[in-house]
Structure formats: structure tokens, C-alpha cells
């Protein structure tokens, strides 16, 4: 399991989209905005960046993925299936969450408090963002969960660290054939038993498959502006 000692190599594998002013918040891909979307989303995030917010986009390691016939590919943890009852890579999920917490710790040591950090991601990155935020001892600014699900959902709410006032924005394409929108809706209902139901917002987008769209990105930007306001 990756502990805090992994923070430096992880950050070396990250793309950072800096703000144009003194940064007072971070967002990460799957902080400040810690974005667990990854390298490929850096350009998209540049289009919605705010001058006081830094986007950190760490890159998932290459691992063999069961769902991909054990081929090596960038992934935060192994995937055995994409249905709610599929077996899950518990140790891999927890290991990945520790690596993201190491980045949060690094940001905190460098002057950005956790309550000024949003974590978010797309697909597996969104799933990891949900799990990391719900099990973190930090009170984070929020979670952006795009086209995803809650890993190890059967362990909640008991696995939760207990932060009820955690804003969560879930977004999902209504034509998603990989992770059906119904799974996203089921996740949203589960989240309402873990955090304050009023903190959970679920939005779906007609005609959108397992991808993003301009309206979704506008909703993401609005969420960031609301929960990471300029100081």
C-alpha cells in the first residue's frame, strides 16, 4: 500500500495546470483541484480553470487489468467487471486511495488546507475520488464524480470517516454503454445514506456516452466556483 512516502514520485507523474494568481485552492484529477482524471484531461481542464485554482492531474500506473484480458494499461486498480455485483480489487482500491491521500498531504504541507481541496475524476478516476474522499480523515471541499460508481459500496456507510457535509457532484451520460447511467443513479442514492442527502447532486446528459460534453464541463466549473471561491 502506498503511504505518504509515495507523494514525491506520484507528483512527478502529474500534470499541473497552474492558476494565474496566487493559488489558494487546489483541484486534483481523480486537489486544490486534485483531478484524478489524469494527463489526458489537462487540456480540457485548462478551458474551465479559475485564476486562483491549481489543477493537479496525476497519472495512473500501468497494471494488468482483468477486464482487458490482463493487458497492461493505465489504471488505478484492477477491474474484474462493471456490474454492481462484480468482484472488486479491494487491496488495489485502498492502495490507490492512499496514493491520492499522499498528494493531499503534500499540498497541505505546502500551504493549501484540505478544506480548499476538491478531488474529482472520470470513470475509474471518479470512483477513486468518491472512495478516497469518503474514507479520508480530512474534511475536503468537495468531490466531482463523472461517469462512475462507488467502489466497495457494500462496506458503506460503516467505512465512511463520517464527514456528512461533503458536497458531491455526480455527472453521467445517459447513453453510457460502459457504465450505465442507472449505476450512477444507484450510486447517488447510496451516497445519500453516507453524507447529508442535500450535499449530493446527480446530473445526467441526454445523448452523451462514456465521455463528457460542454454542459457537463460548465456544471463542473460552477461546482468549483461555488466550493473553491476566491479568498
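The values are calculated or read from the model by the stated rules, or taken from the named source; none is laboratory data. Because the structure is predicted, anything quoted here is derived from the model rather than measured. Don't worry about glycine lacking a Cβ; one is built from the backbone with ideal geometry, like all the others, and counts go over all protein chains shown.
So, in the stretch 180-200, how many residues would count as being out of contact with any helix residue (DSSP H, G or I) (no Cβ under 8 Å at 6 or more places or on another chain) and over 19 Å from residue 115 (Cβ atoms)? Give the steps one after another, and end with the answer.
Narrowing the stretch 180-200 to residues out of contact with any helix residue (DSSP H, G or I) (no Cβ under 8 Å at 6 or more places or on another chain): 180-186, 188-189, 192-193, 196-199.
Narrowing further to those that are over 19 Å from residue 115 (Cβ atoms): 180-186, 188-189, 192-193, 197.
Result for the stretch 180-200: 12.
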Q) Has the stretch 93-103 got any residue that is modelled with pLDDT of 95 or more, touching a helix residue (DSSP H, G or I) at 6+ places or on another chain (Cβ under 9 Å) and under 14 Å from residue 169 (Cα atoms)? A) no
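If the requirement is being out of contact with any helix residue (DSSP H, G or I) (no Cβ under 9 Å at 6 or more places or on another chain) and either within 24 Å of residue 225 (Cβ to Cβ) or modelled with pLDDT under 65 (or both), which of these qualifies: 66, 46?
Numbers: 66 fails: either within 24 Å of residue 225 (Cβ to Cβ) or modelled with pLDDT under 65 (or both).
Criteria check complete, one pass: 46.
Mind listing whichever residues of the stretch 59-86 are over 21 Å from residue 132 (Cα atoms) and assigned to a loop (DSSP other than H, G, I, E, B)? Spell out how you get there, then give the answer.
Step one: list which residues in the stretch 59-86 are over 21 Å from residue 132 (Cα atoms), which gives 64, 66-73.
Of everything in the stretch 59-86, those that are over 21 Å from residue 132 (Cα atoms) and assigned to a loop (DSSP other than H, G, I, E, B) turn out to be 69, 70.
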Q) Is there a residue in the stretch 140-149 that is closer than 16 Å to residue 186 by Cβ, more than 17 Å from the chain's Cα centre (by Cα) and part of a strand (DSSP E or B)? A) no
Q: Evaluate the stretch 154-168: report whether one residue or more is under 20 Å from residue 223 (Cβ atoms), modelled with pLDDT of 95 or more, assigned to a strand (DSSP E or B) and touching a strand residue (DSSP E or B) at 6+ places or on another chain (Cβ under 9 Å).
A: yes
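Regarding the stretch 12-21, can at least one residue be identified that is under 25 Å from residue 153 (Cβ atoms) and either in a loop (DSSP other than H, G, I, E, B) or at pLDDT 65 or above (or both)?
No, the stretch 12-21 contains no residue that is under 25 Å from residue 153 (Cβ atoms) and either in a loop (DSSP other than H, G, I, E, B) or at pLDDT 65 or above (or both).
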